[in-house]
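Comments concern the structure below.
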């Protein structure tokens, strides 16, 4: 898939949010009110004119689509530190409980 510019990515995201809002039967004014934003901020987000991350998060919450953010912070399946230790042949660390240390 070819890389898109930042402006193109903002525009594509804005189009998706606009479609989602319309499919949800919400006007820009209602979305702005429910997300505690100005209509201008919602419009800028939908048209790809640039926006703040907090604006995107507020809009996604109102549209019940916070799941869109999951790909931005995936949980690692394997700890990178664990892989490093295993590659060095180190044994996993164990915590010593106070009762065992005495």
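The values are calculated or read from the model by the stated rules, or taken from the named source; none is laboratory data. Everything quoted here is computed from the prediction, not taken from an experiment. Cβ atoms come from the backbone with ideal geometry, glycine included; neighbour counts cover every protein chain shown.
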Exercise. Kindly establish whether residue 41 is loosely packed, with under 13 Cβ neighbours inside 10 Å and assigned to a helix (DSSP H, G or I).
Key: no
Quiz item: Any idea which of 36, 67 is loosely packed, with under 11 Cβ neighbours inside 10 Å and in contact (Cβ under 8 Å) with a residue 12 or more places away in the chain?
Solution: 36
Quiz prompt | Whichever residue in segment 10-32 is over 19 Å from residue 66 (Cβ atoms) and surrounded by 14 or more Cβ atoms within 10 Å (Cβ to Cβ) and, among such residues, is modelled with the highest pLDDT | solution = 28
Exercise. Can you tell me which residue within segment 60-85, out of those that are in contact with a helix residue (DSSP H, G or I) (Cβ under 6 Å, 6 or more places away or on another chain), at pLDDT 90 or above and assigned to a helix (DSSP H, G or I), is nearest to residue 16 (Cα to Cα)?
Key: 60
